[in-house]
Each structure stands twice: as structure tokens, then as C-alpha cells.
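Okay, structure first, notes after.
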Amino acid sequence: MSKDERNGYAPLQHKKDKEAKDQEAQKALTAEPPKKYADFAACCRKFLLDSALNVLLLTVPFGILAPRLEWSDQAIFSLNFLAILPMAKMLGTATEELADSVGETLGGLLNASFGNAVEMLLSVFALKKGLVTVVQGSLLGSVLSNLLLVLGMCFFFGGIKYHKQKYNADGARVQSNLLLLSVLAMVIPSLVGVVSSEEGISLQMSRGAAIIMGVLYGLYLIFQLRTHKDYFETENDGGEEGAEEPVHPFVAAVLLMFITLAVGVCSEGLVNSVEGITKNMGISEHFIGVILLPIVGNAAEHLTAVDVAMKNKMDLSLGVALGSSSQIALLVVPFTVLAGWAIGVPMDLNFRPLGTGILLVTVLIVGSVTSDGESNWLEGAMLIAAYIMVGLTFWTM
Amino acid sequence: MSYSDQYAYKPVLTGEAAALPDGSVAVGEPYDPEPHGCAKECQGIAGVLCTWINILLVFVPLGIYSHVMQWSAAARFSCNFVAIVPLAAILGASTESLAAHTGQMIGGLLNATFGNAVEMIVTVNAIKAGLVTVVQGSLLGSILSNMLLVLGMSFFAAGIVEKESRFSAKGASANMTCLTLGSIALALPTIYNCMENTPTEDVLSISRISSAVIAAVYVLFLIFQLLTHAHLFASEGEEDEEVVMSACSSVLLLVGATATVAVCSEFLVDSIEGVTEEYGLPGAFIGVILLPIVGNAAEHATAVTVAAKGKMDLALGVAVGSSTQIALLVVPFSVIVGWVFDVPMSLDFRIFDTTVMILSVFITHTALQDGCSNWLEGSILIAIYILIAIICWYIPDSDGAAV
């Protein structure tokens, strides 16, 4: 603490100065240019041209006007159905852009809630019309379509290109486990039907269960955004960030609002025409709820998942498919029950033996298919076949 | 170290400092002999008895007194309920201490029997009183609480400390296979009863024969677990447990605790009927949720603390192993006890119980199949248990059950 230091102090200080100067020079060279946001052309490109679905945007004005012009129920249903498809995708893109600018946690929350906006809007409108069966069906159907159809298509199309694909990364494994457990939690309230057949009890039980599952969703968010973030990190985050300029958060927020509004209007039209469809075309409520409606909400994510699977990033596609299902089981399900409570509609989680049985068998199948961490096209084909059988069952109901 | 280095070493005496060949300094520790004989015994026993939870032991004489003086049913229930908790803890601690002496094999067997001693005692008392539905409900509840609540809390506790806990999936799955057998054994008589033209007496005979078969399977499972495939169930790096008390005092403590539990549980069962009337608590809720939590308190506490220390395999062994014991040992035991006392205790649990059991086995299997856990999985298991508990709250008492 003595001579050495004092002797070295002068050169040390000199060295420090030099280092500081060097660093400043470096910084000036590599300094980030002031943040530039995407201009109008880039925005248009990003939102309008990034997906083939967007051609369907042409149906949006027709879908909104159709109920006003009193076209037939079938026309209203089909137009609005087609209209929501691309808007769901745009909603997703806008949410991601906004999420990127507001920081991780808030962004994660945004993604988590707005990602399910379409399902939630559909459910609320359907509940207001008293279509409890349709809503229950759509909850069931969303989970089934993610677990059987999306997964099956990912495995199938990925398997056509690649001999076998592995997906044993921690994140996918944990997510699939969590999903299976959440779906099983969803099934428990249906057991009330075994115990007693009074209407009131099933409702009370479902409302209690909804509160508990809502709490679970909060825990899931903490898990996803805080304690186990690395399970959910997508590989894209690193790569694409620098490539494109981000959209200005204000633009993204405004766009988000408008799209949500438009989706809301179209959903209302869609739901209002359901009754007409069931009477005129003889399609059962169950089929509409279980098969048709979930397509509307999930089509965009389906396409993404399959697309990514064909690029041999099976973990990522699993994350998209499974993450979406977990959201439905833990967020949308309790949300619909609580919304029903608020509106005064008896929405409960009693899926009756058929729905419960199908869910259980699905969990069993998916559990055993995914437990080995590898996939091939035949597994995919089997899952798709299972989904078709479920569809047939509900068609004939 | 070279030959000469070894002999260059001077023994370090107490309090002295000496320089070691590699430059560090060693200081002799003051002489501190381990307590021997009586002193050590007393230390060990004090360690077991002087835990904070044993403050509740004051409820033991209170419970006995309340029964003698015939206080209200609610008071008797609460006093005895609280009294059993510390007793269960002592039971568990003395079993583990005994196991440290006798080794893994016999220790496991002992944990099996005495760990469920409370279960069996409550069962015998209840069957003698003819409360068949209560017994069935409480057995089911024990299995459920171990598979879902205890396991969930263990995962949760471990997950708070460590991001991910790994355990031997193979050992867990052997247990789950046994539990599946147990579920089938419960399901078949129930389904048989639901078929038309099947006389009820047959159900009883079927149950009794099935119980004998299941008990035999359990013996085989013990041989599997303790003899032929012990390596599947071994936890990694199991350190030698400190020998806390001698075998003799462990046994004495064990017997004493068991006897006290027997007394308190008899009073507890007595007071159940009164409580359901006085407080309007649903009978099914008490039988399936409350009582098993009491009976399992010891294992519950053990599993959670051990999991938080990172010994997930051990926690699993306690939680899932306990479920297996109850399903394959206590249930047949109760049927056979019913046979002895000529009480119609059968394996025909109601449809709800059977469905919940099968579902829970499925759920637990899903949670255990990947060999690793985190705190969210634990929370989901706990949430599922709470959902089942809510359903039990709504089960009507009107099905003629003897509660």
C-alpha cells in the first residue's frame, strides 16, 4: 500500500485517462442512431402484407354492414367469420409490436391478455345472447383444436419434411406438462354432475372454481414472466430485433384499439347469426361451438405454428400451440364464468360426460404421444384423425 | 505427500497453532467430547419433544378431559383434532430415528406400518361403530391428500428454493402402477354394483377376496421396493442420518405416541356425529377432507420440509408411497376388519369417489412422468385438491350415509 502504488499512480491515472478517451471514441463510432420508427410504408408492409390471410380483409366492411343490410343469416355468419380471421392475425402482430416497446413484463402481460381477445369477445357476446352451450363448446373446442389439430398438423407437415423431429427442450416439456395439468383442472368442476343434479350447485361450484383458476392464471403469469422466463424465450427474439424497425408504440396502440373494435363488431354479428344458422342449416349448436368458433380465434396461431414446424423448430411451434391452450384453460375459461356471473347468465363448467370424457382421452393421448420427445408424420396423422372423430361426434349431436 | 513430509507433520495440540507444509495455519480445536450415554439420550429425546409444535400437546389432556366431562361435540372435536397434530409429528420423528438404527429396509417397513398407524386406528374405531361411509370417505381422502395436497406442497416448497427439482421418474411410476391397481380394485366392485341383477351380498364377497389379493400385491411391492429393486427408489447421495436416539427409546416414544393417538382418535370419531349436526359442516367434507389432513399431518410435514431441503426423492417416497400404502394396505385391512366385526365394509365406494380417485391417479401420473417439477406444478396440484374439496362440500348428506 505504499511505494508501488504511489509510483504507479501517475502512470495509472494517465492510463485511466487514455482508456476513458478511447471508450468515448468507440462509443461515438458505434453509437446507435436516434431511434427510428417504421414509417407509413413500412407499417403497411408489416401489417398488411405479412400474411396471406390479409386478402380476407376485404370482407371486413361487408361483414360489418351485412347485419345492417339484413342479409341472410348464412351470409352474415360466413362474412363475419372470414372477416375476423385476418383481424385476429393483425391483432397478434399489433400486440407484439406494442409489447416490444413497453418492456418485458408489461409486454408479456399485453401478449397474454390481448392474445385471447378474440375468444373473450366472442364469449361475452355469446353469453349476452344466452348461448351457454355454444360458449362451453368453444372453450372445449379451443383446447381440443390446439391439442389435437394444431399439434397434429405440426407433427404431420413437419414430419413430411423431416424424418423425425425432437422437441425435448425444457421449455416445451414443462409447458406441455403445465397444459395437461391445467386442462385436468378444467375437468374437475364437471364431476359435480356425478354428485348431484341440481342446477344451482354446478353453478356455484363453477364460480368458485373460476376464482381459483383465475388465481392459478396469476401464478402462471408470474411463472412465465418472472421466475422461469427462460422456458418461454423464443429464439426469434434475438435475431429479428435488429432487422426491422419497430413500429411506434402510439401507432401500435391505436391500431390495436381499432382492430379490437372491429373484431368486436364482427363478433357480435357472428354470434347474432348463430341462432339463425342452427335453425335454417341444421348445423348443431355443439358443432358451431366446438369446431367452427375456435377456428376463428386460433387460425392465425395455427398457421404460425405449422409454418415454424416445417422449419424444424418444433420447440417453438409447440410453445405457440401449447402456450395458447394454457391461456385458454387458465384465463378464458374462468373469464367466461365470471363474465356470465356479472351478466347474470348461468354459465358453468359442467361439460357433461361427453365433453369431460373427450377432454380426458385427449389429455391421455397427447400425454403419451409427447412423452417421448420425438415426433413423426404418423403421430401427426393420428392426432388429426382423432380431431376429425371428435368433430364427427359433435356434428351428429 | 512424500514419505518424509508425512513424518514431518507434528500433531497439533489443543489451542496451538502450527504451520502446515503448504503454508496454511492449523489451529487445534478445544477438546469437546460427544455426549455419551444418558446425556446423549436426553439430548436426543429433548430434540424430538421440544419442538414448537409440541406446545399443542397441552390439548391432549384437554381432549381426554373434554370427553370425560362430555363437553359439546364441537369442543371435543376441536380439542382432539388439535391434540393429534403434535402426536403425529412425534410419531414420525421417532420412526425416522428408529429407521436410522435399523437401516433402510426395515426402516421403510416400519415407516409403512407406523406412518399409517393413525389411519388404521381411526379406521378400526370407526368400523366398530359401523360408520362405513365415513371410513370409505376418509381412506379416499387420505389417498387424495397425499397424491395431490402433500405432493403439491412439496413441489411448491422445493420450487421456491430451487428452480427445478429432479427426481427418479422410474421409482415414482412403480408407485403409480400400484395406485392404478388400487383404483381398479375400487372401480370394479362399484361398477358391478351398478349393473342390474347383481345382489349386494356378492359385492361384499368380491370386496373381501379382492382385499386379500391386493394385500398380497402390497407385500410383493414391499419386496420389490426394499429388496430386489431398491436401487430404483434410492435417493442420490443419501447421507447417514444422525443417530438421534437409541433404538430402545425410539421404540418407547413410538409406542407412547401411538397409544395416545389411539385414545384421542377414539374421542374424535365419537364427536363427529355431533359436529355435523351442530355446525352444519357437510359430513362428506369432514370425512374426505378434514380427517385425512389430521391423520396425515406427520407425513405431510416431513415431506414438505424434506422437499424444501432438496431431497425430492424422499419427499416423493413419503407422499406417493403413503398413498400406495393406504390404497393397497389400509383399505384391504379395513375390509378384513369389517369382516371380523361383521360390518358390511366393502370396496364399493360411490361413483364420485371412484371417479375422483381414478382422475387423481391420472393427474399425479401426468405430473410425475417427466421426472422434474417446479413451483407452478405444485400450485396446480394444490388447486386441483381445493377444487375437489369444494365439490365434497356440496355432496348432499341425504344418501343415507351413516354420518
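The values are calculated or read from the model by the stated rules, or taken from the named source; none is laboratory data. Note that this is a predicted model, so its numbers are computed, not measured. Here the Cβ positions follow ideal geometry from the backbone for every residue, glycine too, while neighbour counts run over all protein chains shown. Note: accessible area is taken over every heavy atom of the protein model, side chains too, but ligands, DNA and RNA are not part of it. Shrake-Rupley method; radii C 1.70, N 1.55, O 1.52, S 1.80 Å.
Of note:
- Residue among A:224, A:26, A:74 with the largest mean-square fluctuation in a Gaussian network model of chain A, springs linking Cα atoms under 10 Å: A:26
- Amide H partners (placed H, <5 Å) of residue A:349, local residues excluded: A:206
- For residue B:213, the accessible surface of its heavy atoms amounts to roughly 90 Å² (probe 1.4 Å, protein chains only, rounded to the nearest 10).
- Working note: Karplus 6.51/-1.76/1.60 with θ = phi - 60° gives region A:338-344 the couplings 5, 4, x, 4, 5, 7, x Hz, where Gly and Pro are set to x.
- Taking amide H as placed 1.01 Å from N in the peptide plane, residue A:228 has no amide H partner under 5 Å among residues 5 or more places away or on another chain.
- Heavy-atom accessible area order for A:377, B:71, largest first, 1.4 Å probe: A:377, B:71
- Taking all protein chains together, B:311, A:89, B:128 sort by accessible area into B:128, B:311, A:89, largest first [probe 1.4 Å].
- Distances between placed amide hydrogens fall under 5 Å for residue A:247 paired with A:38, all partners being 5 or more residues away or on another chain.
- Helix-only arithmetic for chain A: the sum of -39500 (n - 2.57) across DSSP H runs with n ≥ 4, divided by the residue total, places the mean residue ellipticity at 222 nm at -24000 deg cm²/dmol.
- Once all protein chains are placed together, residue A:100 keeps about 100 Å² accessible to a 1.4 angstrom probe.
- Cα long-axis angle, helix A:132-144 against chain A (0 to 90 degrees, to the nearest 10): 50
- Scalar couplings 3J(HN,Hα) for region A:289-297, obtained by applying the Karplus form with A = 6.51, B = -1.76, C = 1.60 to θ = phi - 60°, are x, 7, 9, 6, 4, x, 4, 4, x Hz; x denotes Gly and Pro.
- Centre-to-centre separation between the Cα atoms of region B:299-345 and those of region A:350-397: 34 Å.
- C-alpha long axis of helix A:59-69 to longest principal axis of chain A, angle in °: 40
- Size of the A/B contact, given as accessible area buried on both chains, probe 1.4 Å, in Å²: 3200
- Interface residues of region B:134-164, defined as those losing at least 10 Å² of solvent-accessible heavy-atom surface relative to the isolated chain (probe radius 1.4 Å), are listed as B:163, B:164.
- Accessible area ranking (1.4 Å probe, heavy atoms, ligands and nucleic acids excluded), largest first, for B:353, B:342, B:370: B:342, B:370, B:353.
- For region A:38-395, accessible area per residue (1.4 Å probe, heavy atoms of protein chains only), Å²: 41
- Residue-averaged beta-carbon neighbours from other chains (10 angstrom radius) around A:181-188: 6
- Region A:83-173: C-alpha gyration tensor shape, a/c 1.5 cut-off, then a/b vs b/c: oblate
- Converting phi to 3J(HN,Hα) with the Karplus coefficients 6.51, -1.76 and 1.60 and the offset θ = phi - 60°, region B:246-256 yields 6, 4, 4, 5, 4, 4, 4, 4, 4, 5, x Hz in sequence order, with x at every glycine or proline.
- By accessible area, using a 1.4 Å probe on protein heavy atoms only, region A:38-395 has 65% of its surface on carbon and sulfur.
- Here the Debye sum runs over all C-alpha atoms of chain A as equal scatterers in vacuum, and log10 of I(q)/I(0) at q = 0.11, 0.12 Å⁻¹ comes out as -0.82, -0.97.
- Chain A - percent relative contact order, Cα under 8 Å, separation 6 or more: 35
- Overall form of region B:49-399 per C-alpha gyration tensor (a/c, 1.5; a/b vs b/c): rounded
- For chain A, the longest principal axis of the Cα atoms and the long axis of helix A:199-222 meet at an angle of about 10 degrees.
- Cross-link pairs A:128/A:279; A:166/B:309; A:89/A:311; A:161/A:229; A:46/A:313 - those with Cα-Cα distance over 26 Å: A:166/B:309; A:161/A:229
- Threshold 20 Å² - residues in region A:327-371 whose accessible area is reduced by that much or more when the chain is no longer isolated, probe 1.4 Å: A:360, A:364
- 25 Å Cα-Cα reach of residue A:15 towards lysines, excluding residues that sit fewer than 8 places from it in its own chain: A:3, A:27
- Each Cα pair under 8 Å and six or more residues apart adds its sequence gap; the mean of these over the residue count of region B:49-399 is a relative contact order of 39 percent.
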